[in-house]
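What follows is calculated from the coordinates using simple rules that are stated; it is not laboratory data. All figures in this text were calculated on a predicted structure; none of them were measured in a lab. Note: ideal-geometry Cβ built from the backbone for every residue, glycine included; neighbour counts use all protein chains shown.
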Amino acid sequence: MRIILFILACSFCAQVVRSEDRFRVDAKINGKPARLIFDTGCSPSLVLFKPSAERLGLIYSALPPDKRRTDLESYWITDESAVTLRWSFWSSTQVRWQLGVIEFPSYTEQWLQMDGALGWSSFSKNIIEFDASKRKFKFLYKVPNRATRWLKLALRNNLPPEKQWLVMTVRNSDATNEVIIVDTGSVSGVGLPPHKWREWKAAHTNQPVTLVAGYMAEPGLMVPEQSWAKEISLWQLELTDVTIEEAPPMTLDAVSAEQTVTFGMSALKRLEFIVDGKQGVAYLRPKTKPAAPPHFEPNPPVLVFVPRDAKSDDLVAHVLAGGSAYEAGIRNGDVVLEIDDHDVAQWRADPGEKWRIKPDSPFITPSTNSPPGTKLELVLKRGDETLKANVDLQAITIFAPQTNSPPSGLK
């Protein structure tokens, strides 16, 4: 099989998570081992991160703009390569592919812990059973009889080439369609369209809300709000103890549907899920014994600083309305200059030992042994104005610097 990739619409989201929280595939590229994830929200057959492509000794070059079908500047294509995908001890696939190469910001490279992602398009005609709780999937010869009694949804196969994701369609009684995008590259749970997310928050004011930061190839850095639903009813599916948030704008733009819901790995852990790509249908039902509920910190972050964009030195505030940082006067768009006399503005040029990376996380906080409840003084810039604010140590996270060497446990 020979597939040439001229597209990139990868929704793989680099969040606070290891690759073990996704479906992992062992592979060899030109005889060298590679660690991949199976990402049903990624269009290319196989996309590699730039450091991995260099480690594997691949030759790659830029495509003319009229063939790229992506606005990403940092995107290349390799020469044809021999790819071996190992599904189990006795099963593997060998193909020759040209591979997409993408560059993530340097502050994400330490903790990606994988070389790239397999997209949905190359496996969309198979019968696949997903077990997100065990982070395993397997190919089936036929759909088991037990699945025929589950909720049955049609797959949507008329998506443009750059958005060949795993998408299911729900037909409502009023003849309208709703869409579910399954994204195994995301560790999130249920993503709701904006108006549904606002309605859910208004009806569940007693549920904790936090901010999470992540990076997607498109649109880049994101800081969405996230909460936890004790139970949520979606059509004939009753999911319990699942994270819930607003669906990413990239996925909402992918399909012409007013109602678009996304399922990430946290949602799939609560489902039995089989996709029959041959017949264009999927089968779902809630698990009788779902995975353990998601963990929410007692004092979740209510203030996150991220670079304005991949090339910017400004670390810009995202504030949870009503949280302690908001009450302290910090607003979305404020740029942090100092934290307890640390010159944060120099984070890219001088990471140093004054920063400590939290275990298993790209987030950083000022190095301190201070107990919970300790106040940090922030110097901020808002337009031409400079202001100060005090926030709790536990309330703040910053998505940016990397230390000179990876912390213990990261490779």
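Amide hydrogen proximity for Gln113: with H placed 1.01 Å from N in the peptide plane, no residue at 5 or more positions away or on another chain lies under 5 Å. Look at the dipole of region 130-286 built from charges on Cβ: of Ile274, Thr176, Ser186, the Cα furthest out on the positive end belongs to Ile274. Counting other Cβ atoms within 10 Å as a rough exposure proxy, the listed residues Ser188, Ser227, Ser233 run Ser233, Ser227, Ser188 from fewest neighbours to most.
Could you size up the charge dipole of region 130-286 around its Cα centre, putting +1 on the beta carbon of Lys and Arg and -1 on that of Asp and Glu, and report it in debye to the nearest 20? Kindly include the intermediate steps, with their values, before the conclusion.
Details: 19 positive and 17 negative charges, 176 e Å.
In total the dipole reaches around 840 debye.
Assuming a ≥ b ≥ c are the square roots of the Cα gyration tensor eigenvalues, decide whether region 108-251 counts as rounded (a/c under 1.5), prolate (otherwise, with a/b larger than b/c) or oblate. Write out the running numbers ahead of the final one.
Values: a/c = 1.55, a/b = 1.13, b/c = 1.37.
It is oblate, given that a/c is not under 1.5 and a/b is not larger than b/c.
In this structure, the amide hydrogen of Val170, modeled 1.01 Å from its nitrogen in the peptide plane, lies closer than 5 angstrom to those of Glu178, Val179, Ile180, counting only residues at least 5 positions away or on a different chain.
Give the peptides 200-207, 40-47, 320-327, 263-270 in descending order of average Cβ contacts within 10 Å, highest first.
On the way: 200-207: 11.8, 40-47: 27.9, 320-327: 17.2, 263-270: 26.4.
Final packing ranking: 40-47, 263-270, 320-327, 200-207.
For the set Lys134/Lys163; Lys50/Lys278; Lys32/Lys287, the pairs lying more than 32 angstrom apart at their alpha carbons are Lys50/Lys278; Lys32/Lys287. Each part gets one Cα centre, and for region 185-209 versus region 29-56 those centres are 32 Å apart. A simple spin-label model places pseudo-atoms 7 Å from Cα toward Cβ; at Lys289 and Ala202 they are separated by 4.1 nm. A simple rule links phi to the HN-Hα coupling: the Karplus curve 6.51 cos²θ - 1.76 cosθ + 1.60 with θ = phi - 60°, which for region 268-284 gives 5, 5, 9, 10, 8, 8, 10, 10, 9, x, 5, 9, x, 9, 10, 10, 9 Hz, with x for Gly and Pro.
With θ taken as phi - 60° and the Karplus curve 6.51 cos²θ - 1.76 cosθ + 1.60 applied, the whole-hertz 3J(HN,Hα) list for region 173-187 is 5, 8, 6, 8, 10, 10, 10, 10, 9, 9, 10, 6, x, 10, 8 Hz, x standing for glycine and proline. With a Förster radius of 60 Å applied to the C-beta separation of Trp235 and Ala82, the computed FRET efficiency comes to 0.85.
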